[in-house]
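Comments concern the structure below.
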Amino acid sequence: MSSPEPGHGAGFSTEPEYDVAAGTPALVIGPYLTQQRSGRDAAQPNDTNEASRPPSARLEEAVGLAAAIDLNVVEARLAMISSPRPSTYLGKGKVDEIKEFVEEHEIKLVVMDCALSPVQQRNLERAFGAKVIDRTGLILEIFGRRARTSEGSLQVELAHLAYQKSRLVRSWTHLERQRGGFGFLGGPGETQIEADRRLIQERMTRIERDLAGVTRTRGLHRASRRRVPYPIVAFVGYTNAGKSTLFNRMTKAKVLAQDMLFATLDPTSRAIGLPHGEKAILSDTVGFISDLPTMLVAAFRATLEDVIEADILLHVRDVSHGETAAQAADVETVLRELDIDPDDAGRIIEVWNKSDLLVGEERERLAAQIARMAPESRPALVSALSGEGVDDLLLLIEEHIARGRPSYHILLDPSDGKGLNWLYENAEVLGRDDRDEALALRVRIANEKEPRLLRRFPKARRLRN
């Protein structure tokens, strides 16, 4: 932590949000409902997928989110409730109990793993005598830290402004600073100041205009890739499922890959070679999470356009995680919000990652489960860390891309080096038999290149797929 600058209050520096967040004593509260409710109240954001995810697992994830911005989590505790209280979300007894703990342990920040209204947040801060943020605020803070590109920073700021627009906020100095931190956890002027809504709206309008330009630029980049054309393969999956590690394994890239929630935010794309010569564009994307804030999905739609437009989606799952099924359901929910059918087996390949963490009977059970599945929907069992199963995954990607592509048998004069080179450059060579009188090749070609192949090799014989 850097020391305070002269002339400023304690804790103020060139990176005030980070300085306050790093090591801040924090208490994480899991205010989960005791049972799934029905009717209008069941639509509360905090209820998403609740029935399939134990409270202890949800609390553990909340602690992981807090750790992602270097908070010093002094304690994490469940606070089961029958229904949220309009004024403070928690009942009076729970509020008093937490207040006592906050005072005793000098807690500076209370993280509520739920969606709080502005009134609830303000009342809890007054009751606890400490800063309070909810799940949405925490995720936005993480995204603010992880954004590295100008596009990512703009998208995070837009989401942050949408979140804060209806709230009493403490400091809007970051609007002039043009920087990545957004003041949830500290900063200059940290007193109760009502938001200047006109200033916020003007800034949001400018960001939306800038993002529109970024979206057009990314559209041009995608159009140029389409003209190559290489198929696009995009990763999707729950945060910390190992997407970036697998991306690095498959592309030899050096994308940040840590055992941390939301380690990757900005999209990264690389070209990869498939087993029979086809090339593809592999795109790493931000991880999904349960109760992902709606405004964040909207703000990151430009980033997620690589997912929306991808030919193949690799749904990476951490099969060693106890909540892998619930995490998969959360990913499928976000995919539906992007108008993607998560049950489209022709487009989506499930990748069951972290097989290296499975041992003995657990591994055998999973292998048997995969064997019982229909061939067209079988997942790829891989370890991004060791590389196990990655070659089979590449074959599976190639098979999905090649579905519907025609195959041909071609006899080539051994002296026709240009023709042989053309086939290796433009088609997938599935088999080759070098004979004295001719080269016999079995090739597969993209539909749009088929006419060119037939013009160059008019005696090519189409094979039945």
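Values quoted throughout were computed directly from the atomic coordinates according to the rules given, and no laboratory measurement underlies them. Predicted, not measured: the structure shown is a model, and the values here were computed from it. Note that each Cβ is placed from the backbone with ideal geometry, even for glycine, and that neighbours are counted across all protein chains shown.
Points worth noting:
- The simple spin-label model puts a point 7 Å past each Cα toward its Cβ; for K92 and L385 those points are separated by 5.1 nm.
- Residue-span extension gain [E106 to R336] - 0.36 nm each, minus C-alpha spacing: 78.5 nm
- Length-normalised contact order of the range 407-463 in % [C-alpha pairs under 8 Å, at least 6 apart]: 47
- Here the label points at Y424 and R197, each 7 Å from Cα along the C-beta direction, are separated by 6.7 nm in the simple model.
- Between S56 and R464, the contour length at 0.36 nm per residue exceeds the alpha carbon distance by 141.5 nm.
- Computed FRET value (nearest 0.05) for Q369 with D343, which takes r as the C-beta separation and R₀ as 22 Å: 0.75
- Modelled this way, with points 7 Å down the Cα-to-C-beta line, the labels at V359 and R432 are 4.5 nm from one another.
- Once the chain from R270 to R455 is taken as fully extended at 0.36 nm per residue, the excess over their C-alpha distance is 63.4 nm.
- For the pair the range 341-403 and the range 109-136, the centres of their Cα atoms are 42 angstrom apart.
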